[in-house]
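What follows is a set of notes on a single structure, which appears directly below.
The values are calculated or read from the model by the stated rules, or taken from the named source; none is laboratory data. Note that the structure is a prediction, hence the values are computed from the model and not measured. Here Cβ is always computed from backbone atoms with ideal geometry, including for glycine, and neighbour counts include all displayed protein chains.
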Amino acid sequence: MLNNLMHILFVPEVTLAILAVACLMYGLFSKNNSFNKATNFATLSLLFVTVLIFFDFSTKFALFDSFFSNTQFTKFFKILTTLGAAISLIISKNYFIDSKINKFEIPTLLLFSTLGMLIMISSKNLMIMYLAIELQSLSLYVVASIKRNSIESAESGVKYFILGALSSGILLYGFSLVYGFTGHTSFEGITNSLVEIDNLPIGLIFGLVFVLVGLAFKVSAVPFHMWTPDVYEGAPTSITAFFAIVPKLAAIALIFRFCLEPFGKFYFEWTQVIFFLSIASMFLGAIAAIAQKNLKRLLAYSSIGHVGYVLIALVSVSDQGLKSASIYMFIYLVMNIAVFSIILSLKKSDAYVEKISSLSGLSKSNPVISASLAIIMLSMAGIPPFIGFFGKLYVFIAAIESQLYILAVLGVLASVISAFYYLRIIKGMYFDESDDNQTFEFTISSESKVILSVLMILITFFILYPSLLIDAVSSISL
Amino acid sequence: MTEMPLLSLTIFLPLLGALVILLIKEDENSVNNIKKVALWTSIGVFLLSLLIWLQFDNNNGSYQFEEKFRWFNDFNFYFHIGIDGISLFMVILSTFLTPLCILASWESIKKRVKEYMIAFLFLETVMIGMFASVDILLFYIFFEAVLIPMYLIIGIWGGERRIYASFKFFLYTLLGSVLMLIAIVVIYRLTDSMSIETLQGNYFTKNIQIYLWLAFFASFAVKIPMWPFHTWLPDAHVEAPTAGSVILAGVLLKMGGYGFIRFSLGMLPEASNYFSPLIMTLSIVAVVYTSLVALAQTDIKKLIAYSSVAHMGLVTIGIFLVNSQGLEGAMIQMISHGVVSGALFLCVGVIYDRMHTRDINFYGGLVNRMPIYATVFMIFMLGSVGLPGTSGFIGEFLVIVGAFQYSSIVVIGAATGIVLSAVYMLYLYKRIIFGVMTNEKLTEILDLDNREKIILIPLAIAVIFIGIFPNIFIEPMRLPIESIISNYESANAK
């Protein structure tokens, strides 16, 4: 009995829940410097949970068994999520302190949100799924508007909340339809009740589409992307970094599992929806980003575009698709952490750089930083030999293996359009002469410096030993 | 000596040089060191490539100096490099031009010398690697990676409209090459192999070949460039710094021709046969039309850029004749054009460095002040026209001879282009070099200094050497070309 209890305590989700509450208490009762302490505590907790997930403290208990799935796929995404959350806390710590939004609630809320994401990734039941989504979203609504005295931050929080609530409503309605037509909320129950049906009843199709719409909102796929640029721009950059890096992982994992597990048999129905979402996201992400002047808005559209590519892997409905999506999301994570760790540390005349035009002259004053940023941009555009190319390559391999030629061709065409705005950032740094004499200031903590260097090495030299990542995902299956 | 990975060494030595430069801090005193490191590295690479040529076995039609490592664990992608008679001279062309380019930039590049040299050495690695790849994915990675240094070279050190030109160059060529990526993945799915060597043959049904061919065509036709996909070239050439233009015309355009021979002819023979009338038509239009356009230019660089398109039109004619004269002619024409057009751009660079204009009307009567310059310029001009005894003649002659077996209409088109090339080149030469010096600003102009002589004289020697001893260059490529032709004929005979 005691032994069992100890085991339960070391289930990653349980541990994280306890640690999140502990973090809240720790922040609340520490007299001074509470933000610093809570952040360090949260970072360590996340790293600890990562270790737990890595060593597979599984959730095979009677209570949880039908609610949670624990596979290589969920494990991979959970590790990425907790690591991403930990790293995004590390790289944004200085920014929080510097812009005086050093409240200990932030790391606490982010812990709760990460907890929600872990449950999202694993959930095997519509109800758990909904609760997890709400847990992570509610925490994120609050942190988006954490900078109370800034109009933009408040606006972004309210926008995010209203649209998020709407999408949750749609999602819930979809769940209720699915439940109504199958009589089950668990994935297995739904699968079993669909075994003998050849054509989905119309009500169930409605339910499926509603759920997909709700999930598309969470991954910010076009046309449910409207909140993304505004929230990215309005929220403090450190929060934007978290938004860009972590929740996407969980939402992508969830949409993959929801489509492939209970409805895997009826892929013909949902691939049509995802097909459209994918094309629309790739092209809108590429075209709308061209007109952006704000770096954060641009990255928002860039992330919309990236989601489009991952969805190609979903449409391919194959094991290769799962692998490709895992590789793509890993690479997405690496590139985004790298770019945000630079943006979060780069100041020009005492203000953080947010405009693309204010990057001009960076290559003169900070050659190393601008070279890194240029490499990241080329990598995001998918230009070999950098890491981003391999993400795209794997997605296209998955697409071609499932004979999705049109999707692959449209994908590469969109990548050419998107190359334009990535190049524009390089142009800003290298080609434009700066007309003002303001100097850049690059202040970075030593931890983030280490992270940035490691990531830059990974981005640049991944080509030398790609098998490192590929072996890690080789056994992935649902 | 044979155990040494000579080819990898040739490919990655420039990167090593770039790394050394990266560690040097750029200031007043070290700028010269940076240049010297770059120069000596590239000379070392050139010597290594000559060593490869010396050890090259002409009687072996397959890849030599092969190196092969497993690269991806889940797919059959290998780091597989090797050299055969077709790629040998492309590699040597790259290694030959790079030191000259670095030397040519000695004085004219004044800002960001460190980044410039790194970009050039990176470019050299990528060019050699591309020609030496035996794995298609490796080829593709090098093929696209070329865009990065070239984009920076045009964009940072280019002329007034450099930003427009660099974006146009990058996006245009990227658009072409991404379609090739899809074709490569399709090939892999169908055959489970990525080796250029094993895929030589006729492994696909005609229907699939046609789609694959079109995808490859999109990238190579933009790169070489064929009319009507050539519009990026004049902009890129005009705005690029001199050395950038040299590499662009000398090596990067050859990537297209090389790709046509390796991929279109070697892997997709039936589709190549099916599309050869299209290629011939576009090439003849290119040869005639761009020659006429060249005639109307007032910017020297633009004129040479258009002449490149015309000369490349002859190359594509030669390639898609698919007979030994045509292919050998196309190869020699590519080598010759690499040397000649590179040299012509360097010649333009010489007077541009002095007068800072490329307007033809500004010049005139240079022979009075610059006799040595006039002489070397004449050699290159005649090489471009194709005078017997120069390298240009061999290529053009072989292509015309080969074309007779194909169709006399093609011969007429090609010959018209050659005549027109004489017209615009001689006209250019007359306006710049001959006549009375009317422009007062020109009276103080100096003849070639020693550095410029060191750059231009080897090129002049190469032009004449290739023209007199073409067999040295044709001999190594004979066997691989024969195997391509026999494969092509057996595929289309059935």
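General remarks:
- Of the residues screened, B:Ser336 is one that is over 19 Å from B:Trp232 (Cα atoms), within 20 Å of the chain's Cα centre (by Cα) and either among the polar types (S, T, N, Q) or at pLDDT below 90 (or both).
- Qualifying position, being away from chain A (no Cβ under 12 Å), closer than 28 Å to B:Phe75 by Cα and either over 15 Å from the mean Cα position of the chain (by Cα) or not aromatic (Phe, Trp, Tyr) (or both), among B:Ile128, B:Ile148: B:Ile128
- Restricting attention to the range A:354-403, the residues being of a type in the set (Ser, Thr, Tyr) and surrounded by 23 or more Cβ atoms within 10 Å (Cβ to Cβ) number 4.
- Subset of the range B:163-172 [of a type outside the set (A, V, I, L, M, F, W, C) and either at the interface with chain A (Cβ under 7 Å from one of its Cβ atoms) or surrounded by fewer than 24 Cβ atoms within 10 Å (Cβ to Cβ) (or both)]: B:Tyr164, B:Lys168, B:Tyr172
- Residue in the range B:95-118 that is acidic (Asp, Glu) and without any contact (Cβ under 8 Å) to a residue 40 or more places away in the chain present: no
- Qualifying residue in the range B:468-489 (condition: assigned to a loop (DSSP other than H, G, I, E, B), surrounded by 19 or more Cβ atoms within 10 Å (Cβ to Cβ) and in contact (Cβ under 8 Å) with a residue 12 or more places away in the chain): no
- Scanning the range A:403-412 for residues that are touching a helix residue (DSSP H, G or I) at 6+ places or on another chain (Cβ under 7 Å), at the interface with chain B (Cβ under 10 Å from one of its Cβ atoms) and not β-branched (Val, Ile, Thr) turns up A:Ala408, A:Gly411.
- Pairs where the first residue, in the range A:458-478, is at the interface with chain B (Cβ under 10 Å from one of its Cβ atoms) and the second is part of a helix (DSSP H, G or I) and at pLDDT 85 or above, C-beta under 6 Å, 6+ apart: A:Val473/A:Lys323; A:Val473/A:Ser326; A:Val473/A:Ile327
- Any chance B:Ala215 is within 11 Å of chain A (Cβ to nearest Cβ), in a helix (DSSP H, G or I) and not β-branched (Val, Ile, Thr): yes
- Selection count, the range B:174-188, where residues are facing chain A (nearest Cβ under 8 Å) and not hydroxyl-bearing (Ser, Thr, Tyr): 8
- Filtered residues of the range A:413-435 (kept if more than 17 Å from B:Ala215 (Cβ to Cβ), within 7 Å of chain B (Cβ to nearest Cβ) and either modelled with pLDDT of 95 or more or part of a helix (DSSP H, G or I) (or both)): A:Ala419, A:Phe420, A:Leu423, A:Lys427, A:Tyr430
- A:Ile205 vs. criteria in contact with a His (Cβ under 7 Å, 6 or more places away or on another chain) and crowded, with 16+ Cβ neighbours inside 10 Å: no
- Test: residue in the range A:323-346 that is among the basic types (Lys, Arg), within 10 Å of chain B (Cβ to nearest Cβ) and crowded, with 20+ Cβ neighbours inside 10 Å: yes
- Matching residues in the range B:405-434 - criterion: being in contact with a Leu (Cβ under 8 Å, 6 or more places away or on another chain) and either outside any helix (DSSP H, G or I) or of a type in the set (Gly, Ala, Ser) (or both): B:Gln405, B:Tyr406, B:Ala414, B:Gly417
- Some residue of the range B:107-115 being within 24 Å of the chain's Cα centre (by Cα) and within 14 Å of chain A (Cβ to nearest Cβ): yes
- Residue satisfying all of: in the range A:177-192; of a type outside the set (S, T, N, Q) and in contact (Cβ under 8 Å) with a residue 12 or more places away in the chain; surrounded by the fewest Cβ atoms within 10 Å (Cβ to Cβ) among these: A:Gly180
- The set of residues from the range A:17-62 being at pLDDT below 90, out of contact with any Lys or Arg (no Cβ under 9 Å at 6 or more places or on another chain) and closer than 21 Å to A:Tyr95 by Cα comprises A:Asn32, A:Asn33.
- Per the listing A:Leu166, A:Leu171, A:Leu138, the residue uniquely buried (at least 22 other Cβ atoms within 10 Å of the Cβ) and assigned to a helix (DSSP H, G or I) is A:Leu171.
- All conditions in (1) under 22 Å from the mean Cα position of the chain (by Cα); (2) surrounded by 14 or more Cβ atoms within 10 Å (Cβ to Cβ) hold for B:Gly413, with the sole exception of (1).
- Those residues of the range B:103-148 which are polar (S, T, N, Q) and under 27 Å from B:Gly349 (Cβ atoms), in sequence order: B:Ser105, B:Ser108, B:Thr125
- Residue count for the range A:382-402, restricted to those that are assigned to a helix (DSSP H, G or I), of a type in the set (Val, Ile, Thr) and within 8 Å of chain B (Cβ to nearest Cβ): 2
- Residue count for the range B:30-86 under the criterion of being under 27 Å from B:Ala119 (Cβ atoms), free of Cβ contacts under 8 Å to residues at least 12 places away in the same chain and among the charged types (D, E, K, R): the result is 1.
- If the condition is being basic (Lys, Arg) and either within 14 Å of chain A (Cβ to nearest Cβ) or in contact with a helix residue (DSSP H, G or I) (Cβ under 6 Å, 6 or more places away or on another chain) (or both), then the range B:51-98 contributes only B:Arg70.
- Condition check for B:Ile433: at pLDDT below 90, over 23 Å from the mean Cα position of the chain (by Cα) and either among the aliphatic types (A, V, I, L, M) or within 23 Å of B:Cys347 (Cα to Cα) (or both): yes
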